[in-house]
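Take a look at the structure set out below.
The values are calculated or read from the model by the stated rules, or taken from the named source; none is laboratory data. The model shown is predicted, which means the values in this text are computed figures rather than measured ones. Here the Cβ positions follow ideal geometry from the backbone for every residue, glycine too, while neighbour counts run over all protein chains shown. Remember, those area values only see protein heavy atoms, side chains included, never the ligands or the DNA or RNA. Shrake-Rupley method; radii C 1.70, N 1.55, O 1.52, S 1.80 Å.
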Amino acid sequence: MSLVNAAHGRSDDTSAVHPPTEQPRGGRRTVRQVVGAYAALAKPRVIELLLVTTIPAMFLAARDIPSPWLVLVTLVGGTMAAGSANALNCVIDADIDKVMNRTKRRPLVRDSVPKTGALIFGLVLGVGSFAMLYFTVNLLAGILAIATILFYIFVYTLVLKRRTAQNVVWGGAAGCMPVVIGWAAVTGTVQWPAFVMFGVIFFWTPPHTWALAMKYRDDYERAGVPMLPVVATAQHVAKQIVIYSWVMVAWTLLLAPATSWLYAAFAALAGAWFLFYAHSLYNSVRRGEKTNPMALFHRSNTYLMIVFVALAVDSAIGLPTLGLPF
């Protein structure tokens with residue numbers, strides 16, 4: 001979730017897990033409604049990035065199929081960390097969420113969860129994630145999870161988000177951490193392939209999020225959040241999307257020495273596919289044609305899935321790695 005992508009990685013409409021707005025007679029809510037409201041704080045629909053990236057990172061670290069138990073506890077601990085960051089983000093950004101159409105169904109906006117309850121819920125999840133990873137995985141994984149939560153809240157949410165158009169560029173670092181945590185869970189260390197996977201998601205985040213922000217530009221402007229599409233022209237945004245997309249695709253190929261021809265082929269083909277649509281968006285914007293940036297947003301999810309699934313399959317098969325050319 002991405003942890004930062006747990007906030008930006010998907011449309012934040014979590015209505016699928018919200019309790020209905022109608023209250024039962026007598027004003028009391030059912031247990032299911034209360035649980036649903038707290039679950040919605042964690043934004044479960046946007047934690048998919050955690051699954052898409054963490055598991056392949058663990059496969060690559062093992063260069064084999066890792067222990068199912070280790071995968072399970074790492075995912076549970078990572079999900080708790082992402083849920084903690086998301087819940088605390090909801091507390092801090094409640095004022096923004098009230099004026100944005102795509103976030104106005106969040107629990108704090110609808111008063112289905114008290115602010116104090118949301119704060120305690122987020123903190124408990126954070127402590128629980130560290131305990132889960134420390135006792136079942138290793139200390140390094142636990143420390144990385146806590147560091148990610150703190151970075152997301154104190155650096156991205158409290159400092160960057162409302163102050164700079166580069167918010168998702170640098171704040172996106174939090175969303176890159178699941179791969180590092182996954183690698184650390186298997187090896188107990190952090191080595192160069194983990195940093196390369198970190199970079200893949202780091203450069204993926206701006207095109208992904210800016211495409212979404214182009215669609216919801218008015219929302220961000222109304223909330224006073226200086227996302228790039230709010231402060232720059234559509235052509236400039238589309239150009240930046242193309243630039244970051246090229247860097248992202250090139251970066252995926254840096255994993256080739258640690259993988260086989262199979263991953264390299266899929267990374268190159270998926271990259272060409274995504275670049276085609278990134279350039280198509282830019283060309284349409286430049287010509288003043290009507291565009292659908294959400295199409296690129298959804299394709300970015302598909303692209304990332306292809307790259308990381310290819311990474312997992314390549315590692316599971318165990319083909320000879322290409323190695324360094326020198």
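Using the Cα centre of the chain as origin and beta-carbon charges of +1 (Lys, Arg) and -1 (Asp, Glu), tell me which of Val180, Met80, Pro226 is placed farthest towards the positive end of the dipole. Highest projection toward the positive end goes to Pro226. Which of the three applies to the stretch 131-276, rounded, prolate or oblate, going by the alpha-carbon gyration tensor with a ≥ b ≥ c and a/c under 1.5 meaning rounded? Oblate, since a/c reaches 1.5 and b/c is not below a/b. Ordered by 1.4 Å accessible area with all protein chains kept, Asp219, Asp95 run largest first as Asp95, Asp219. Counting every alpha-carbon pair across the stretch 33-94, the share separated by more than 18 Å comes to 43%.
Per residue of the chain, the DSSP helices (runs of n ≥ 4 H) give a summed -39500 (n - 2.57) that works out to -21500 deg cm²/dmol at 222 nm. Shape class of the chain from the Cα gyration tensor (axes a ≥ b ≥ c, square roots of the eigenvalues): oblate, since a/c reaches 1.5 or more and a/b does not exceed b/c. Distant-in-sequence amide contacts of Arg63, defined by a placed amide H-H separation under 5 Å and a gap of 5 or more residues or a different chain, comprise nothing. I need the shape label for the stretch 129-197. Rule: rounded when a/c is under 1.5, else prolate if a/b > b/c, else oblate, with a, b, c from the alpha carbon gyration tensor. It is oblate, given that a/c is not under 1.5 and a/b is not larger than b/c. Given a 1.4 Å probe and the protein chains as shown, Ser245 ends up with an accessible area of around 0 Å². Only lysines eight or more places from Lys239 in sequence, or on another chain, were considered; those with a Cα closer than 25 Å are Lys161, Lys215, Lys290.
Ellipsoid semi-axes for the stretch 94-214, based on the Cα gyration tensor and the rule √(5λ), read 28, 21, 11 Å when sorted largest first. Compactness of the stretch 264-326 is given as radius of gyration and Dmax, 15.7, 48 Å, from Cα positions.
For the set Lys215, Lys290, solvent exposure ranked by accessible area (probe 1.4 Å, protein chains only) runs largest to smallest as Lys290, Lys215. With N counted as the residues of the stretch 70-149, its alpha-carbon radius of gyration over 2.2 N^0.38 Å works out to 1.22.
With the alpha-carbon atoms of the stretch 203-311 aligned to their principal axes, the span from lowest to highest coordinate is 47, 28, 18 Å, starting with the largest. For labels at Leu262 and Leu322 in the simple 7 Å Cα→Cβ model, what's the distance in nm? My value for the distance between the label points is 1.5 nm. Computed FRET efficiency, Cβ-Cβ of Gln235 and Trp273, R0 30 Å: what is it to the nearest 0.05? According to the calculation, E is roughly 0.85. For the pair Lys115 and Val34, the difference between a 0.36 nm per residue extended length and the Cα-Cα distance amounts to 27.8 nm.
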